[in-house]
Structures are given as structure tokens and as C-alpha cells.
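Comments concern the structure below.
The values are calculated or read from the model by the stated rules, or taken from the named source; none is laboratory data. All of these numbers come straight from a predicted model, not from anything done at the bench. No Cβ is skipped: glycine too gets one built from the backbone with ideal geometry, and neighbour counts run over all protein chains shown. Keep in mind that these areas ignore ligands, DNA and RNA; they rest on the heavy atoms of the full protein, side chains included. Shrake-Rupley method; radii C 1.70, N 1.55, O 1.52, S 1.80 Å.
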Amino acid sequence: MKKSILSLAVALLVAPAMAQPVSGPAGPSFDVAAAKQRIDALLDKNYPQLDALYKDIHAHPEVAFQETRTAGVLAGEMRKLGFEVTEQVGKTGVVAIYKNGPGPTVLVRTELDGLPMEEKTGLPYASRAQQTFEGKQTFVAHSCGHDSHMAWWVGTAQALLAMKDQWHGTLMFVGQPAEETVSGAKAMLDDGLFKRFPKPDYGFAAHVSAMPQGTVVVKAGVGTSASDAVSIVFKGRGAHGSMPNLSIDPIVMGAHFVTDVQTLISREKDPQEFGVVTVGAFQSGTVDNIIPDHAELKLTLRSYSPEVRKLLLDGVKRKANATAAMANAPAPQVTYLHGTGAVRNDDALTARASALVKTAFGDKATLVPATKPGATASEDYSEFVDAGVPSVFFGIGGADPAAIAKAKAVGKSVAGHHSPYLAPVPEPAIRTGVETLTLAVLMVAGNDAAKK
């Protein structure tokens, strides 16, 4: 994820747990406690295998659109369970289908990719893998938690097949590539995901976070921000460093742009609306005494609303052009690299999921209303939502409470997403993920729902 996703830790616990059974409009009624007990019994049996899978994936991460080994491992696990598996959807994606009579089609999604960075956890199964990414050899690490997601994805499939007497319909388990570059979901859709396979009636996904282990978050409304990546190349004229009058200095242009672009936030955006412009890369020149002939800047833009998203994208281009014009330079090259919209949880499904997790997890469930802000980081599950799949995206706690307290005592926080020290506690995170996603599928595809 381009994220620190669902650091929704703090937000409004909703009052007392609702009495069982849980029911929702046009949905099933089922004994949540009994279902959770059955899931836990299955996890007691299956967890050693999930733990081995998790550690294997953790030690062998792969970057966006290079997840061939990872995809093969997951495809093999799903074939063993009896799913019909198709590989290479959206380059390296996996789609696993299991049909269990008439009923809704339910999507459960995991991500496949790791990050181009070195892991520094010191774990015995820490990654030392390397790959070529954007033309450079780099270490790769699962420093965003996708390894946990893949383990609970397989665990959820195991649980649902063991409990197939309790639901009817079609499971559509999607292993999505390239989430970290927010481009894999779109690649799968462009490759005919919802044309080659049934379009889901419901969708669920989840992300591990630095919240205490065993906790679950459901966020109404916007859960994560839109993300847009832009490259700007300012074109100048090179010269000797001692003769700046002979140059059009792209470094000066870039420096002016870096400060001026922030007025989009401070002077053009409504202060009540969320928006971020970050210049994350500024690359120009080679030595001290040569004024280069170009400078490239790379930006990330974040927003919740379509209106702010458009303001930022249009504003960046306008300010880049104005900067070049003031320097009497050629028009800059402004390139939109990639992007995705905000994840918006479906209102009706979120209400049902909130009641479900409150019943299942009690005071470990955090329910965040739509009036509270979502995460400022981004997640391309939004592509499936925007394609018309009513969805809920859950947050799953994975941090040791003792470690959280120790860090807090010295004014720090435990390592979060994209940190080389990220190390969720595997078993509580994976078990909670399996419980949450399995119960969510039962909520919409349980036997009562299949009859409606």
C-alpha cells in the first residue's frame, strides 16, 4: 500500500455489543458465537500450516508485477482446496473460484507484492531477497504486512470450505499484484476480471496495522485516501557553475516549484477538506560546478473527495507551467504516473459488518463513523469498489500490546507500515484476519441469504 493503512486505532468504540443473532437487511441471521467457535477450532488445527506459509512468503517477497513465485505458492494452496484457479490475470494476479450452489458471489482479496527496501527486523525468517525494481537492484521486504494477508486469505478459504454446509454461493478469492504501486487492481480489471469471472455481489479485504493484536476496525464512509503520482521534468539550459547567466537553471525552477506548489494546500484548497502534496524526489545534476539542463521531481497527491483530487492534479500542472514560464524555459514535461481513488465502504454493508464484529469481538472491535477522517494513506482496493462491488475493508491489529506500551513510555510508537522494522505478531494477526473475513462471508452468503 502506499499507506500506513488504517491507523484508525483511535476512534470511537460503539456502545455495547448487540445481542445475537446478527441480522441485516436482505442478509442472513446466524449464531455468530457458534460460527466463531467453529472457526477457532479449525484454526487450532490449521494454524501450524498457515504459520509455515506466512514465514515462507515473508522470506521470499517479490515486488510489483514480479510476484511469480508468490502467485504460484498461493495458486497451489487454492488448488489443493479444490478451487478452480486461473493465474496471470493482470500479469501476475491469481483468481480462485469455488462454487457451492446458488447464492451471491463474494470476493475476498489479498495483495501479493512486497516493497523495494531492506528488512531490519532480525527475525530468523527475515527477507534477504533482492530483485530489480525500476532498473536498480534492490532488497525486497514484506514491510507492509501483505504476508499476513496472504496467510489469512488461505486460512479463510480453508475455514469456508470446512464450513460449506453453512453457506451457498460462489467464492471469488483474488490474489492481486502490485498494490504498492496502486496499479495491480486496475491491471486485473483491464484484463477482464469481472468479464472472465462472475462480478461479485459483495467484496471484503483487510489490512494488518500497528493496533493491538486481536483488534478489528470497521470504518464507515471513506477509509483511505485517493493517491496520484506525478512526474515533472523542468527543462533548462546547462552551463558552467561559474557562468549562471548562460544557463536556465532547472534546479532553481524545481526549488521554486517545491515551495509554490504548497499554496494549493494553504491558499486554494478548502481548509475543511483533506489534501496533501508531497515532493518525494528531486533529481538533478551530477557535480558542484555544472548547472544541469533538466531536473525531475516526483510527487504524491492525496485526497478524499473527487473535487479536491481534481484541484490538486490541475493545480500541480498549472504551477509547473507557470514556474517554467517565469524562468523563460520551455514547457515542462508533466506526466501522470499512476493513481487510485479513495476506498469508500458501502453504507449498508458497513452497518451490518459493524454489528457483526462488535458481536464477535466485543470491546476489541472499533467502529469509526463516517464523520471521522479515514487514513491518509491509500489502497487500490478502491478500483474494485469503483467497479461496482459493495465492500467493507477491515483493519486488523497485529502489534504486541506490551511493545506498544514500552514504545509509548519513551515517547515513540511501534514500527508501522513501510518501516524496515515492521514485525506484526503472526498468530494473533492471522487468526483475527481469518475470523473476521470468514464471518463476513457467512454474513452475506449464509444459508438464509441463499434462499432470498
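Before moving on, here are some points about what is shown:
- Helices of the chain meeting both criteria, an alpha-carbon length of 18 angstrom or more along the long axis and an average Kyte-Doolittle score not below -0.5, with helices taken as full DSSP H segments, are 32-59, 68-81, 146-162, 306-326, 347-361, 426-445.
- Ellipsoid fit via the Cα gyration tensor, the range 232-286: semi-axes of 31, 11, 7 Å, each the root of five times an eigenvalue, largest first.
- Given the chain, longest segment not containing exposed loop GluC sites (Glu not before Pro) (DSSP; at most 16 other Cβ within 10 Å): 274-452
- Förster radius 45 Å - calculated FRET efficiency between THR259 and THR86 (Cβ-Cβ, nearest 0.05): 0.35
- Test item: Cα-centred dipole of the range 355-446, Lys/Arg +1 and Asp/Glu -1 on Cβ, debye: 480
- Cα-based shape type of the range 42-85, given that a ≥ b ≥ c are square roots of the gyration tensor eigenvalues and the cut on a/c is 1.5: oblate
- Solvent-accessible area, 1.4 Å probe, carbon plus sulfur percent, for the chain: 55
- If a spin label sat at a point 7 angstrom from the Cα of GLU273 along the line to its beta carbon, the backbone N atoms of the range 197-236 nearer than 18 Å would be those of 222-229.
- GLY221 long-range amide H proximity, modeled H, under 5 Å: ASN345
- Cβ-derived FRET efficiency at R0 41 Å, ALA407 paired with LYS298, nearest 0.05: 0.85
- Rounded to the nearest 20 debye, the dipole magnitude of the chain is 460 debye, with +1 charges on Lys and Arg beta carbons, -1 on Asp and Glu beta carbons, and the Cα centre as origin.
- Length added when fully stretched, ASP190-ASP56, from 0.36 nm per residue minus Cα-Cα: 45.2 nm
- Taking N as the residue count of the chain, its C-alpha radius of gyration divided by 2.2 N^0.38 Å amounts to 1.05.
- In the context of the full set of protein chains, residues of the chain present 41 Å² of accessible surface per residue (probe radius 1.4 Å, heavy atoms only).
- Cα-projected label distance for LEU123 with LEU246, points at 7 Å along beta-carbon direction, nm: 5.7
- Per-selection Kirkwood Rh - the range 248-327 (Cα, Å, 1 d.p.): 13.5
- Heavy-atom accessible surface of ASP44, to the nearest 10 Å², is about 110 Å², with a 1.4 Å probe and all protein chains retained.
- Residue-span extension gain [GLN37 to LYS136] - 0.36 nm each, minus C-alpha spacing: 30.8 nm
- Ranking SER231, GLY315, ILE291 by Cα position along the charge dipole of the chain, where only Lys, Arg, Asp and Glu carry charges on their C-beta atoms, puts GLY315 farthest toward the positive end.
- Whole-number percent relative contact order across the chain, with pairs defined as alpha carbons under 8 Å at least 6 apart: 28
- A Förster radius of 25 Å combined with the Cβ-Cβ distance from LYS164 to ALA387 puts the calculated FRET efficiency at roughly 0.40.
- Using the Karplus relation 6.51 cos²θ - 1.76 cosθ + 1.60 with θ = phi - 60°, the per-residue 3J(HN,Hα) values for the range 272-278 come to 7, 9, 7, x, 9, 10, 10 Hz, with x marking Gly and Pro.
- Under 5 Å, built H, 5+ apart or other chain: amide partners of ALA226: SER303, TYR304, ALA342
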